[in-house]
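Reading through the structure tokens given below for one structure.
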Amino acid sequence: MTAIPLTPDYAAPETYLNSSHSIRSWLLTRDHKRIGILYMISITFMFLIAACGAGLVRINLLTPSGILPEPSMYNKAFSVHGILMVWWFLVPSVPATLGNFLLPLMIGARDLAFPRLNLASWYLFIISAIMILGVVTFGGIDTGWTFYTPYSDAFANTRVTLAVAAIFINGFSSILTGLNFIVSTHTMRAPGMTWFRLPLFVWAMYATSLIFVLATPVLAITLTLLGIERLLGIGIFNPALGGDPVLFQHLFWFYSHPVVYIQILPTFGIASEVVTCFARKRPFGYSMIAFSSLAIAMIGFLVWAHHMFDAGISPYSGLVFSLLSFAVAVPTAIKIFSWTATLYKGSVALETPMLYILGFMGLFTMGGLTGVMLATLGLDMHMHDTYFVVAHFHYVMVGGAVMGYLGGIHYWWPKMTGKLYSEFWGKISAAIIFIGFNLTFFPQYIAGYLGMPRRYHSYPPEFQVYNVLSTAGASILAVGYILPLIYLFWSLKFGPEAGRNPWKATGLEWQTSSPPPPENFEEIPTITRPPYAYDMMAPPAVPAV
Amino acid sequence: MEQQFHIFPVRATTHAWQVDLLFFFELTVSALFVALIAGLVIYLSLKYRRKSPDEFPPYTPPNGMVEATYTIVPFLIMMVMFFWGGAVYVRARRPPANAMQINVIGKQWMWKIQHPEGPREINTLHVPVGRPIKLLMTSQDVIHDFGIPAFRIKQDVLPGTYSTEWFEATRVGEYHLFCDQYCGDLHSQMIGRVVVMEPSAYQAWLAGTVPDAPPAVSGARLFQSYGCVACHGQRAPTLAGLYMSQVRLDDGRTVLADEQYLRESIIEPAAKIVAGYGPIMPSFRAQLTEEQIFDLIEYIKSLGSARDNSVPGASAAGPQTRPSERPVNGYRPDLLPDQPPARQPPAYNQNLPEGSVQ
């Protein structure tokens, strides 16, 4: 910490990165930007572990009889892959990294409302991560990420109770983040930052936070009941003890369908920022995009049983949940069309973040449309629990959420680090990921409609061609994911200075220096313009501050 | 089983065509949407590509008509999908009344199947072509799922309850049978085949199997050996004509006496007490296997169904009459050729015969 409050222009300005250097200053930081970086490092590590699970799955499926010697090894591989990806990567991905970093900057605040709570949420995340890595190391888990009863409570001999406890703690880290975002958005906005001047990323974070706070407790309750049944033998879900296994599915999906929107809504927010920036246009239908986020968050709570059409629920509730599932697809379609229409009469530059987001739009559209197929009762009867479902949710979660997350990382990397990465390698990796992704998951649609079931260690030989294609694609995808790790790290040391606003974007975060100072702004800005007023940035207008 | 390269699964039921037609429709709509979005994105990106780094295009006011169009058109198309898909689903969930019933029990990791004529098989299901087949399914342990891709049907098989699915095969051949719900270590080996045969070949196959008592006959024996006969018809409700009748309960509710109700009344008799009777029946939860429960239900069904009115006096609605007023006590000696027709003395709590406890 320097004693001089105002830094002279010729000296290196104080940033959140250089204000202190000790490990202690990072581990005890209350700066939302540093916590965002801590989260980013943690979830990248967890992503790599979870990706190893996916690698084992894809290698095993190269031959019809399965390459892993024991089916139980395969079952553990896909379970670890699913559990780690969902709770230790996808759920925290955008909110805990970019959301933590950007939300105060975007609303013109110096930090989140509860900085200590924010740090506590990271520690809860780390505790839960250590627990789940303990599960992975000692005994593993073989229930799949869905923990269906009575398999998980009465039959599985793996570390179910510890895994459930880890997810329970992980859930509280999500709840604290969501709570922090909601309170900050309500109370910490800068003067003039009205609700309808908020960046769409903040709207998306707000909608996501509502789900965090409202849905995660249900997961905690469900998993607690599961733990109680496993430990104490009280009949809740196990029919042999007088319980009801379908009750577990209702409770589980009441959380786990909204969690899909936790994973995808933040990416919608990123897409709204990136598309407007690289088209230099106001979003086509700002309020439609903002309200569709809230609509998705709310209707998303009412569609859970579409995971259970074949689980023995009555045909009437099947009809209701199918109708509601179609209803949630409408606001999603609105967003896709809005982003597309934003390009109209714009000034479109296909820089790396924009390539990622256009890729996201294509892949997410395919994921969404196949989701509509699965919401169709007559089709779900055939496609349920096949690779069609696997392909569908990977198009949404990987083609959608991960692609969008990477787009966001590339878009805000100059802001977070002050450095520019190689545009050439950025575009190459976006293209490799797009191609590798389609090669990995498109064959799974075909195998799925042919009837190949999920979670099969071995399979009839006629499905082999699709599995070999898929594994080949996965190896390309792996290259695509490793490349950004290399060139982004490279840029930290060798990248040129980014300056405060390399993309000439309008958001408040671009008006402070890169990387931002510890307190974000020299003085809190007053907002006088509508959001995304790219038309007002034309010369002779001078960017603010 | 078809082993060669496929891009599309074979169709072996009437239902499969309906699913595929719907799928082709949605696939076409989806392809058009993807082409529309991708085409627009590529066209707009090229047409309005940035020409100078300081280009800031003027504001384009929002167009309500465009917004309304891209809200309403997808909504209308999706409503078509909803109603169409719902119609296919509801039809596929309602077995026709004349369907032949085959009992299926899933367990880690095999399928146990019993035909109405008695023969049992494992991991293979032989059925005649052109005849509606209804599967009545339950699980002994965890949740399984009985899926036949060529038939385009799939249904979870749950422990502690019955689920059904039905089909009418239209094409002779052998088809994959998969467990589609993850059920533990050997989930991927819980597979089998469905053999669709000409009716004559099916009869020949039945004749060539190891003979086994039909479920209703085994059920009749169980009904006697477990002492059920001691009460039912006297201190407990008569079972004649019970199947598919409306039963008035002592709490005022009326329930349909389907297989699910019969199963629950054996496993957990106190859950639903028939009006006018006491909760005197013990639970048979740990004493009967799923096969034996199936047998007992088949026996009860053989005593007549309210649906086909095969028993005079068994009305489809209204309260059950007291058994003392009725001549039929639900006991069919004709199904027990080797047993004396005399009734056991009424003692519902009698000890079970040696060796009958499973």
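Each residue, A:L48 and B:M65, gets one label point 7 Å from its Cα in the Cβ direction; the gap between the two is 5.6 nm.
Can you tell me which aspartates and glutamates have their Cα less than 12 Å from the Cα of B:K154? Leave out same-chain residues fewer than eight positions away. The qualifying aspartates and glutamates are A:D310, A:D380, A:D385, B:D145, B:E165, B:D180. Label B:S283 and A:H21 with points 7 Å out from Cα along Cα→Cβ: what is the distance between them in nm? Rounded to a tenth, the inter-label distance reads 7.0 nm.
Taking every C-alpha pair closer than 8 Å and separated by at least 6 residues, the mean separation divided by the residue count of chain A gives a relative contact order of 18 percent. Once a ≥ b ≥ c are taken as the square roots of the eigenvalues of the Cα gyration tensor of region A:30-536, is the result rounded (a/c under 1.5), prolate (a/b larger than b/c) or oblate (a/b not larger than b/c)? Prolate, because a/c is 1.5 or more and a/b exceeds b/c. For the segment A:455-465, counting C-beta atoms of other chains within 10 Å of every residue's C-beta and taking the mean gives 5. Taking amide H as placed 1.01 Å from N in the peptide plane, A:T386 has its amide H under 5 Å from the amide H of A:R454, each at least 5 places away in sequence or on another chain.
Calculated FRET efficiency, B:Q234 and A:F138, Cβ-Cβ r, R0 56 Å, to nearest 0.05? It comes to 0.40. Taking the three principal axes of the alpha carbon atoms in the protein assembly as shown, the coordinate ranges are 110, 53, 51 Å, sorted in descending order. Inter-chain Cβ neighbour count for A:351-362, averaged per residue, equals 1 (cutoff 10 Å, partner chain atoms only).
If you take the Cα centroid of region B:139-182 and the Cα centroid of region A:72-119, the two points sit 39 Å apart.
Which residues in region B:122-157 have a backbone N closer than 18 Å to a point placed 7 Å from the Cα of B:S200 along the Cα-to-Cβ line? Only B:127-131 pass the distance filter.
Exposure proxy shown here: for B:V127, A:V202, the number of other Cβ atoms within 10 Å sets the order, fewest to most, as B:V127, A:V202. Rounded to the nearest Hz, the phi-derived 3J(HN,Hα) couplings of region A:29-36 under the Karplus curve 6.51 cos²θ - 1.76 cosθ + 1.60 (θ = phi - 60°) are 5, 10, 7, 4, 6, 5, 5, x, where x marks glycine and proline.
Here the peptides A:89-100, A:17-28, A:218-229 are ranked by packing, the mean other Cβ count within 10 Å, and the order with the highest first is A:89-100, A:218-229, A:17-28. Simple spin-label estimate for A:I130 and A:I41 gives 1.6 nm between the two label positions (7 Å along the Cα-to-Cβ direction from each Cα).
Sorted fewest first by neighbouring Cβ atoms within 10 angstrom, B:D251, B:D54, B:D295, A:D111 come out as B:D251, B:D54, A:D111, B:D295.
Potential lengthening of the chain between A:N157 and A:K345 amounts to 61.7 nm, from the contour at 0.36 nm per residue minus the alpha-carbon distance.
Take the Cα radius of gyration of region A:400-541 and divide it by 2.2 N^0.38 Å, N being the number of residues; the result is 1.48. Can you figure out the FRET efficiency of A:V183 with A:R529, using R₀ = 22 Å and their beta-carbon distance, to the nearest 0.05? According to the calculation, E is roughly 0.30.
For A:L232 and A:M536, the difference between the fully extended length at 0.36 nm per residue and the C-alpha to C-alpha distance is 102.9 nm. Distances between placed amide hydrogens fall under 5 Å for B:D145 paired with B:V157, B:D180, B:Q181, all partners being 5 or more residues away or on another chain. Take every pair of alpha-carbon atoms less than 8 Å apart whose residues are at least six positions apart; their mean separation over the length of region A:268-347 yields a relative contact order of 53 percent.
Placing +1 on the Cβ of every Lys and Arg and -1 on the Cβ of every Asp and Glu, with nothing else charged, gives chain A a dipole about its Cα centre of roughly 760 debye.
Between the amide H of B:Y243 and those of B:A306, distances stay under 5 Å, these residues lying 5 or more places away or on another chain, with hydrogens modeled in the peptide plane. A Förster distance of 56 Å, applied to the separation of the beta-carbon atoms of B:T254 and B:V73, puts the FRET efficiency at 0.75. The radius of gyration of the Cα set in region B:54-163, together with its Dmax, comes out at 24.2, 83 angstrom. Phi angles across region B:227-240 convert, under the Karplus curve 6.51 cos²θ - 1.76 cosθ + 1.60 with θ = phi - 60°, into 3J(HN,Hα) values of x, 4, 4, 5, 9, 5, x, 10, 7, 10, x, 5, 9, 5 Hz, Gly and Pro given as x. Peptide B:63-75 has a mean shielding of 4, counted as Cβ atoms of other protein chains within 10 Å of each residue's Cβ.
With everything on Cα atoms, drop me the angle between helix A:258-279 and the longest principal axis of chain A, reported from 0 to 90° to the nearest 10. Computed tilt is about 40 degrees.
Each peptide in B:232-245, A:204-217 was scored by the mean count of other Cβ atoms within 10 Å over its residues; highest first, the order is A:204-217, B:232-245.
Take every DSSP beta bridge whose two residues both sit in the protein assembly as shown; close to 70 percent of them are antiparallel.
Packing around the peptides A:257-265, B:35-43, A:167-175, A:52-60, taken as the average count of other Cβ atoms within 10 Å per residue, puts them in this order, highest first: A:257-265, A:167-175, A:52-60, B:35-43.
Restricting attention to region A:30-536, lysine pairs at least eight places apart or on different chains and with alpha-carbon atoms under 14 angstrom apart total 5.
Computed from the coordinates by the stated procedures, all read-outs in this text should not be read as laboratory data. Please read these numbers as outputs of a predicted model, since none were measured by experiment. Every residue, glycine as well, gets a Cβ built from its backbone with ideal geometry; the counts of neighbours run over all protein chains shown.
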